[in-house]
Amino acid sequence: MTVTLRVVLDQLVAPTSRDLEEASASLTQALIDTAPRGCDVGAIVPAPGLPEDAGVVGLSSETRLSMRRRELAASWQLGVAPGIGRGLIHSPTSLAPLVRHDRVNETHQIVVTLWDLRAWETPEELPRTELLAARALLSRIGKHADAVVVPSHAMADRLAAVAKAKLVAKVRVVGGAPAAGFRVPSDAVGRLRALDLPASFLLVSGGSVASDGLSAAFAGVSAAGWDGDVVVLDVPEGEEPAVAELASAAGIPEARVHARGSLDRWDRAAVLSHAVVLLAPSTRTDWPWRAVDALAVGVPIVAADTAVHREVLAEAALFAGEDGFGDALTRALGPDAERLRVLAGDRAKGFAWEASADRVWALHAEL
């Protein structure tokens, strides 16, 4: 008898985040590639179903639901999940068909994944409708999920401090990784030209909200005396002027700041390959997507001194308090640059979706 693990792949049909889309595809392919004997992997997707270029090969089945993602999310948040059936269900995000079930007698499991804790840590930075939806979903996770995957022990510890004991008892740690196949493309220079970016720059990631830490990063850039360009990735649409204002307030001319939104893996790798240093100033307990990308490309990193950054980056980064980015950046640009590049490459070897998939299979076997 074959046991099928069905993965919720809404992000491959109607993505809300490029990082979640890539993580969903990368983990699912790794689950297929590492499936134990007698096991295979299927998909649960909203209408209209998986596109031909979904990037996942080898799925044994596709449970295609009648609703599109937006309606499906609203339905699942209310606990209405028709047409799902029983079995092993794994969601690479927090969205899942969370309903009352009997794991022992019905052999029905539901596992979800949390990549950030924004609804708890920085609720004031979220639109009210998004905050209420997130908290309603988190309430259902506490009641009905059989396990909750988080990508770091730092996040597990933070969750223990802010969530109810019933949810905390379900937490398991399974790390993330760069998108499958993430590497510098052969046409990196052409991609930079198409993005209208210079050939060398400091790289930062984030938007204008306080927890993204751009103010501290820009202050550090000025303190270090960097007079070149600064590229800011993952800027939410419409926040470009606010990012420019933050830079200007730190003494960085607007002409030297290049704000860009979310980029696909190839453009990101091209940009990272030309970055002198990556600044990772976010103070939230999120999975540090861009910093892990930077490790894969061997870019020196200066990161906010947080528990999650110390756990994920370890010795492959310099850490700075809110007022310490200038000194750390000076070191990363000078005497520590080559050491950090070597350590980044070594640290990158510890992040692979195949290892994450093995732990997911073990988790479902444990349940």
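Summary table below
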{"quantity": "Residue-span extension gain [HIS153 to ALA136] - 0.36 nm each, minus C-alpha spacing", "calculated": "3.7 nm"}
{"quantity": "Protection proxy ranking of 3-15, 253-265 - average other beta-carbon atoms within 10 Å, highest first", "calculated": "3-15, 253-265"}
{"quantity": "Dipole-positive endmost among THR129, VAL271, ALA165 within the chain (Cβ charges, Cα centre)", "calculated": "ALA165"}
{"quantity": "For the stretch 123-181 and the stretch 48-65, distance of Cα centres in Å", "calculated": "26"}
{"quantity": "Placed amide H near PHE201: partners under 5 Å, 5+ positions off or other chain", "calculated": "VAL276"}
{"quantity": "Low-density loop positions, GluC sites (Glu not before Pro), the stretch 1-87 - DSSP coil, at most 10 other Cβ in 10 Å", "calculated": "GLU52"}
{"quantity": "Within the stretch 188-348: Cβ-based charge dipole about Cα centre, in debye rounded to nearest 20 (Lys, Arg +1; Asp, Glu -1)", "calculated": "480"}
{"quantity": "P(r) of the stretch 188-348 over all Cα-Cα pairs, binned every 5 Å from zero, in whole percent", "calculated": "2, 10, 21, 25, 23, 15, 5, 0"}
{"quantity": "Theoretical FRET efficiency, 1/(1+(r/R0)^6), r = Cβ-Cβ of ALA210 and ASP323, R0 25 Å, to 0.05", "calculated": "0.95"}
{"quantity": "The chain, helix-only ellipticity at 222 nm - DSSP H runs n ≥ 4, -39,500 (n - 2.57), divided by all residues, nearest 500", "calculated": "-11500 deg cm²/dmol"}
{"quantity": "Backbone HN-Hα couplings from phi across the stretch 113-125 [Karplus 6.51/-1.76/1.60, Hz, Gly and Pro as x]", "calculated": "10, 10, 9, 8, 10, 4, 5, 9, 7, 10, x, 5, 8"}
{"quantity": "Label-point separation in nm, ASP33 to SER66, each point 7 Å along Cα→Cβ", "calculated": "3.8"}
{"quantity": "Highest to lowest packing among 307-314, 321-328, scored as the average C-beta count within 10 Å", "calculated": "307-314, 321-328"}
{"quantity": "Kirkwood hydrodynamic radius of the chain, Cα pairs, Å", "calculated": "21.4"}
{"quantity": "Normalised per residue, the volume of the convex hull around the Cα set of the stretch 224-286 (Å³)", "calculated": "115"}
{"quantity": "Where labels lie 7 Å past Cα in the beta-carbon direction, separation of ALA355 and ASP227 in nm", "calculated": "4.3"}
{"quantity": "Calculated P(r) of the stretch 47-117 - Cα pairs past 16 Å, %", "calculated": "58"}
{"quantity": "Protection proxy ranking, peptides 273-284, 77-88, average beta carbon neighbours within 10 Å, highest first", "calculated": "273-284, 77-88"}
{"quantity": "Distance in nm between pseudo-label sites at GLU338 and ARG183 (7 Å out along the Cβ direction from Cα)", "calculated": "2.6"}
{"quantity": "Percent RCO, i.e. relative contact order, over the stretch 188-348, from Cα pairs under 8 Å lying at least 6 residues apart", "calculated": "25"}
{"quantity": "Quotient of C-alpha Rg and 2.2 N^0.38 Å, computed over the stretch 72-181", "calculated": "1.08"}
{"quantity": "Euclidean distance between Cα centres, the stretch 291-306 to the stretch 193-224, Å", "calculated": "14"}
{"quantity": "Relative contact order computed over the chain (Cα-Cα under 8 Å; 6+ residues apart), in percent", "calculated": "16"}
{"quantity": "³J(HN,Hα) computed for each position of the stretch 69-81 - Karplus, 6.51 cos²θ - 1.76 cosθ + 1.60, integer Hz, glycine/proline x", "calculated": "4, 4, 5, 5, 4, 4, 5, 5, 5, 8, x, 9, 9"}
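Coordinate-derived values only; no laboratory data. Since we're looking at a predicted model, the values are computed, not measured. A quick note on method: Cβ atoms are made from the backbone with ideal geometry, for glycine too, and the neighbour counts reach across all protein chains shown.
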